Amino acid sequence: MKQTFRSKWLLIAASLCAGLAVLAAGCGGGGGKETTTSAAGGNKSSSSGKAFDNFRIAYDTGIDFLDPGLSYTVQGWSIMWNVYLPLLGYKHVNGPDGATLVPYLAQSMPKVSSDGRTYTFTLRKGVKYSDGTAVKASDFAASIKRDYLIDSPGVGFFSNIVGADDFAKTKKGEISGITTDDAARTITVNLMQPQGDFENIMATEFAALVPANSPSKDSSTHPLPSTGPYMIQSYRPNKQVLVVRNPNFDASMFDGNVPAGNPDKMSIDILGDAGVALTRTLKGQYDYDFYQPPVDRLAELQAKYADQIKVYTPANTFYYFMNNRTPPFDNLKVRQAVNYAINREALVRIHGGLATPTQQVLPPTYPQYKKLDLYPYNLAKAKQLIKEAGATGADVTVWTSNNTSRHAPEAGQYLQGVLKQIGLNAKLKTINAAIYWTTIGNQSTKSQIGFADWFQDYPHPLDWFDVLLNGNRITQTHNNNYSNFDNAAVNAKIAELKKQPSLTPKVNQDWEQLDKMVMEQAAWAPYVNEQGIDTFSSDIDLGCYVFHVLYQFDFATICKK
Amino acid sequence: MAQRAETEFTLDTAAELAAVEGGAAIRGRSPWYLAWRRLRRNKVALASLAVFLLIVVACLLAPLYANHVAHAGPNDQHVLGTVNVNGKKVDIVSKGGIINGKLVASIPIGPQWFNAGGKFVLGADRLGRDVAVRLLYGGRNSLIVGIGSSMICVFFAILLALLAGHFGGWIDFVITRFFDLFYAFPVVLLGIALGSALAVNGFHHFGIDLEAGNLWIPTLVISYVLIPYVGRPLRGQVLSLREKEFVEAAISQGARPLRVMFSELLPNIASSVLVFFTLIIANNIVLEAALSFLGAGVQDPTPSWGKLIADGQNLIISRPALALAPGVAIVLTVLSLNVFGDGLRDALDPRAKVKVEH
């Protein structure tokens, strides 16, 4: 089940919603060909000739917001990916090419100054919001300012922009590092330091453009005008989201980067039970089941509905964090002992078999991934390390959440059992998933060890090492570095690599080395990369299925038989 | 024989019994003895008591079963382990993934009954733990919480009912408003709210230190939320008794409030208390199961029947025994207690309308 991811991880897999079409294998392609009329009364729909009236989705309950400045869940971003467009975005294609950044609202990729600190974008000409008003360059500055005004969880991404921190304090005036010219349609962003992932950040939903006069408050239930091929017609929390075509969207203006989409409408019903969602999808009451099917029903799926499912591997890593500031995990030997003691094959089975074991930070979908085998299962060695560290009998509290879709309760109980085996006095604390991340991300909690996972915000190693393991980014609250891992050499390497403007083979090799460096310090005890399953009704033509490296299943490019 | 039949359930008083069996034989026998005579003729109630006691004994013997039959504790994990079933080695949790191009789920072994030498009689859970062992240990915990919370609940309910009923006035007003306050909240919701809050950090106030996961937490939460449901009807009885002549006589003879409450009033509500106690145990076992199922009761990895149902629900199709076994245990326990409670009520005071409602 795809569930609410904690803040900062979410971006991940969003796929959804809105529409576009073209590209993807089997789905035809070509831009600009008009077909049906949208439910919203607009035009310029599917360019693939495979438009259909309604894509019915059984959704889970994890939507946090449907406001591009506030949402930080897969559920939210999946819907908004094709609704609120940033200046840059990703290709709507299968495979690694999906990580390629392309201009969305910008007419081309930005010009970057030689020192890597200034990015200049030019807005496409003639783009309109769904309410008919013109998109202006100054809307970008207003959108970033709005993020700060509404306490967006994404403002940390913009802290390198000159003047952003000052604006965060005063919330008045302008962000000095952003200058715009509506007449020339130019946007210039000045950074304090070169930042290798800045273009990826410009492709996040937090950087999506909304009208400058948008209210500085959560607009989820009063959707803001959109720039993408779709717009949110209505949102009734915990009940339904209706997404319809944006009448003012013209795919031909986007050079094929933003397809128009096949469904004229997406009716997204929020259901409370994975089993119910699956049953109804298999019966044809829904076209797509957003939930992960219960492990219990995989045999049934394989036997009867094998041609209605797609197994995919998103970029994720499940791991146990170990708080480097709290005994006994301030001792390298103890952290290494945990890595030796966990049997990753057992954890694969706990995940229902739909996972692969891992011993490192980066998932195998990354080009910077080079398989590490530093900690083969060795319980005797783990016990020995605990003795050497003098940690035998140390009191340890294992933290986990009750998120069964992520197998967190079982992972926590498994770890508790393992820690007892190697001589630690382990207790388990299971808390509600809704407050789990904020609880363990608060330094006052002093959480020692526990369950964690990460789904990429954007396909760049910085989203892993900088966000999760940079000691310079440890915060008192909302901390993502649950291990409080603060290693000077690692920090310096991250800072160095952050300045690299592109991921060349040499840079990728450095990231590989960093992965090894982090794991030699046993910052985490990573255990699996999880796989997922998309389930469809028999009406859906899976020849159109596009699995995006970041947003996962692309709702918009799907088609019917 | 006709007279015998007549005495089955209808003889309420010593006078009636005397008329049937002879005054000399019945003279001097206490109401408790008379109640016992009535109860022992209620075979269904006694059979229910026997079932309940059997469950209790089975749960108490859990360590014996775990050590000498299953050879595994309630939290012993065997995710990658194997077990001999009729001479064949079988994975306790099967391998999963994409095998030969097919999607295969990792599923724990199902009930083996006695094909695996007493191991995994009811199968295993996702962590390869023996479900039968956890069922017995879980039963112990459910009974401890159910009975413990009932004792605490009834104790405070009696105390508040005696205070309110005897003193009346502002004391009655305050206690009654306290009861009303609790009545305003649905029991399960209140239990979830308190249980969830205490499940995070435990309880560390007034010199009491209860870590999260301690069985005292669900015990106290359940007893706390149900006090008014026992206290209010008892208060009504005390109010009624307070006006009786024997109470006035005691007071006129100089009996102090404590003596009146505990020597005059309490013995006269004892039969109701006993029936309430029996019925509230069943009620509390169900409530514990509900709270644990929802994550607000007994905490992982400690087993309880509600917790086991929650653990088993995700495998309800392929391994239904995981959820059905604790479900059946709860049904049997609650049914036996309720039937016995009804029999006890008939024996002690057939006219009483004692029941737990919320």
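Points to keep in mind about this one:
- Single residue of the range B:295-304 satisfying the filter (more than 9 Å from chain A (Cβ to nearest Cβ) and within 17 Å of B:V188 (Cα to Cα)) that is surrounded by the fewest Cβ atoms within 10 Å (Cβ to Cβ): B:A296
- Taking every residue in the range A:333-358 that is within 14 Å of chain B (Cβ to nearest Cβ) and pairing it with any residue that is in a loop (DSSP other than H, G, I, E, B) and modelled with pLDDT of 95 or more, at least 6 positions away or on another chain, the pairs with Cβ-Cβ distances below 6 Å are A:A341/A:I422; A:N343/A:Y377; A:A346/B:V79; A:A346/B:L80; A:R349/B:V79.
- Of all residues in the range A:418-435, those satisfying the criterion of being of a type outside the set (A, V, I, L, M) and surrounded by fewer than 22 Cβ atoms within 10 Å (Cβ to Cβ) are A:K420, A:Q421, A:G423, A:N425, A:K427, A:N432.
- Scanning the range B:73-100 for residues that are in a loop (DSSP other than H, G, I, E, B) and more than 12 Å from every other protein chain (Cβ to nearest Cβ) turns up B:N86, B:G87.
- Filter result for A:F485 (crowded, with 17+ Cβ neighbours inside 10 Å, in a loop (DSSP other than H, G, I, E, B) and out of contact with any Asp or Glu (no Cβ under 7 Å at 6 or more places or on another chain)): yes
- Tallying residues that are within 24 Å of B:L49 (Cα to Cα) and in contact (Cβ under 8 Å) with a residue 24 or more places away in the chain within the range B:248-283 yields 14.
- Qualifying residue in the range B:189-199 (condition: free of Cβ contacts under 8 Å to residues at least 24 places away in the same chain and under 27 Å from B:L258 (Cα atoms)): no
- Count of the range A:385-399 residues which are of a type in the set (S, T, Y) and part of a strand (DSSP E or B): 1
- Residue pairs whose Cβ atoms lie under 6 Å apart, separated by 6 or more positions or on different chains, with the first residue in the range A:429-453 and more than 10 Å from every other protein chain (Cβ to nearest Cβ) and assigned to a helix (DSSP H, G or I) and the second buried (at least 21 other Cβ atoms within 10 Å of the Cβ) and of a type in the set (K, R), are A:W437/A:R6.
- Leading residue by the ranking (surrounded by the most Cβ atoms within 10 Å (Cβ to Cβ)) among those in the range B:113-129 that are within 14 Å of chain A (Cβ to nearest Cβ) and in contact with a strand residue (DSSP E or B) (Cβ under 7 Å, 6 or more places away or on another chain): B:A124
- Residue count for the range A:249-301, restricted to those that are more than 14 Å from chain B (Cβ to nearest Cβ) and of a type outside the set (A, V, I, L, M, F, W, C): 22
- So A:L66, is it within 22 Å of A:G196 (Cβ to Cβ), touching a residue at least 60 places away in the same chain (Cβ under 8 Å), buried (at least 24 other Cβ atoms within 10 Å of the Cβ) and not acidic (D, E): no
- Restricted to the range A:77-180, the set of strands (runs of 3 or more DSSP E) holding at least 1 residues that are surrounded by fewer than 21 Cβ atoms within 10 Å (Cβ to Cβ) comprises A:101-103, A:118-122.
- Test: residue in the range A:495-506 that is modelled with pLDDT of 95 or more and within 21 Å of the chain's Cα centre (by Cα): no
- Residue within the range B:271-294 that is surrounded by fewer than 22 Cβ atoms within 10 Å (Cβ to Cβ), on the phi > 0 side of the Ramachandran plot and either of a type outside the set (D, E) or modelled with pLDDT under 90 (or both) present: no
- Set side by side, the residues A:Y366, A:Y377, A:Y414 differ, and just one is in a loop (DSSP other than H, G, I, E, B), of a type in the set (F, W, Y), within 22 Å of B:G97 (Cβ to Cβ) and within 14 Å of another protein chain (Cβ to nearest Cβ), which is A:Y377.
- Condition broken by B:I107, with the remaining ones in (1) within 14 Å of another protein chain (Cβ to nearest Cβ); (2) free of Cβ contacts under 8 Å to residues at least 24 places away in the same chain satisfied: (2)
The values are calculated or read from the model by the stated rules, or taken from the named source; none is laboratory data. Because the structure is a prediction, the values reported are computed rather than measured. No Cβ is skipped: glycine too gets one built from the backbone with ideal geometry, and neighbour counts run over all protein chains shown.
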